[in-house]
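Below is one structure, written out as structure tokens, with a few remarks after it.
The values are calculated or read from the model by the stated rules, or taken from the named source; none is laboratory data. Nothing here was measured: the structure is a model prediction, and the numbers come from that model. All Cβ positions, glycine included, derive from the backbone under ideal geometry; neighbour counts span all protein chains shown.
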Amino acid sequence: MPASAARKHDVFQALADPTRRSMIRLLADGEMPVTAISGYYPISRTAVSKHLRVLAEAGLVKERKIGRETRYRLEPDPLLELKRWLSYFDRYWDNKLSELKRMVEAGGEDGEDGWGPAEWRKPKKDA
């Protein structure tokens, strides 16, 4: 794809901002006009429109005009890119959860209550 045809913002850039992540959740329930979306945020309508533009440039929302009103809806397909990227790290979570399960089931193996080495809970001599 030529550079001129590339998206201006990628999914990761677009979702880096908490306001835009919130807008994605809001639009997951259905299409909304920009005026309604603006009512959920303590920022100007212009600022909301700028956030929506970044989401649109990343392909996460689609807009359509109905008369003078612009409505936005979630376009979830680009979220698959994010899901694929995050799924790579599932194995780390799975390993940590397996280790936690092993520690809990082991009981007092690492310490009296199984929650880390016993020396973590010993009072310091100069305390």
- Query: Would it be correct to say that Arg53 is in contact with a Lys or Arg (Cβ under 6 Å, 6 or more places away or on another chain) and modelled with pLDDT of 95 or more?
  - Reply: no
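Yes/no per residue for (1) among the charged types (D, E, K, R); (2) outside any helix (DSSP H, G or I):
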| site | (1), (2) |
| --- | --- |
| Val48 | no, no |
| His51 | no, no |
| Leu55 | no, no |
| Lys62 | yes, yes |
| Thr70 | no, yes |
| Leu82 | no, no |
| Asn95 | no, no |
| Glu105 | yes, no |
- Note on the structure: Within region 30-83, restricting to residues that are of a type in the set (S, T, N, Q) and within 21 Å of the chain's Cα centre (by Cα), the one that is farthest from Leu15 (Cα to Cα) is Ser38
- Query: Does Lys65 count as at negative phi, modelled with pLDDT of 80 or more and loosely packed, with under 11 Cβ neighbours inside 10 Å?
  - Reply: yes
- Identify all residues within region 15-32 that are in contact with a strand residue (DSSP E or B) (Cβ under 9 Å, 6 or more places away or on another chain), more than 20 Å from Leu86 (Cβ to Cβ) and either hydroxyl-bearing (Ser, Thr, Tyr) or surrounded by fewer than 13 Cβ atoms within 10 Å (Cβ to Cβ) (or both); write none if there are none. Asp29, Gly30
